[in-house]
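The values are calculated or read from the model by the stated rules, or taken from the named source; none is laboratory data. For clarity, every value in this text was computed on a predicted model and none was experimentally measured. Please note: Cβ atoms are built from the backbone with ideal geometry, for glycine as well, and neighbour counts cover all protein chains shown.
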Amino acid sequence: MIRGIRGAITVVEDSNEQVLKETARLLQELIHSNDIDPDAVASVIISTTTDITSAFPARAVRGLEGWNYVPVMCTHEMNVPGALEKCIRLLVHVNTDKSQQAIQHIYLNNAVQLRPDLIQK
């Protein structure tokens with residue numbers, strides 16, 4: 001069955017280095033927490049808030065070993081007043097036998113405020 005695994009992270013500044021580094025950090029945490037094998041991944045959708053324009057976060061995904069053939073698409077989030085700034089969100093579609101409750105969604109930096117109910121204690 002395909003499950004969606006969510007994650008989000010914020011960057012301190014909109015720079016190529018920060019966007020790529022923090023995207024890779026988020027994905028590596030998702031991989032580690034959910035035992036993700038890139039061959040089991042159907043696709044990855046990455047969104048950024050509209051204040052991130054310095055880099056395509058997909059480059060960070062494709063830079064990880066074994067992930068260069070995984071379909072990845074970047075897009076922008078809706079520009080809602082008062083929304084969290086400088087945020088990168090991932091939605092990883094994974095073939096897994098895990099239940100919805102067993103999936104560990106990951107929220108890092110200021111993104112923890114997006115889904116405090118899902119933060120692992």
Picked from the stretch 8-39 (must be farther than 15 Å from L64 by Cα and among the aliphatic types (A, V, I, L, M)), the residue nearest to the chain's Cα centre (by Cα) is A8
In the stretch 20-59, residue farthest from A111 (Cα to Cα) [restricted to those that are in contact with an Asp or Glu (Cβ under 8 Å, 6 or more places away or on another chain) and small (G, A, S)]:
S54
Selection over the stretch 63-121 where residues are touching a residue at least 40 places away in the same chain (Cβ under 8 Å), farther than 16 Å from V44 by Cβ and of a type in the set (K, R) yields a count of 3
Output the residue which, of all residues in the stretch 57-91 that are closer than 22 Å to I36 by Cα and of a type in the set (D, E, K, R), is surrounded by the fewest Cβ atoms within 10 Å (Cβ to Cβ).
E65
Restricting to the stretch 1-34, and then to whatever is more than 28 Å from D97 (Cα to Cα) and among the aliphatic types (A, V, I, L, M), can you tell me which residue is surrounded by the most Cβ atoms within 10 Å (Cβ to Cβ)?
V11
Residues that are crowded, with 16+ Cβ neighbours inside 10 Å and closer than 25 Å to E77 by Cα, drawn from the stretch 92-103
V92, H93, V94, I103
Is one or more of the residues making up the stretch 63-79 touching a Lys or Arg at 6+ places or on another chain (Cβ under 7 Å), over 24 Å from S15 (Cα atoms) and not basic (K, R)?
no
Inspect the stretch 46-56 for any residue being exposed (fewer than 15 other Cβ atoms within 10 Å of the Cβ), within 28 Å of A102 (Cα to Cα) and at pLDDT 95 or above and give the result as yes or no.
no
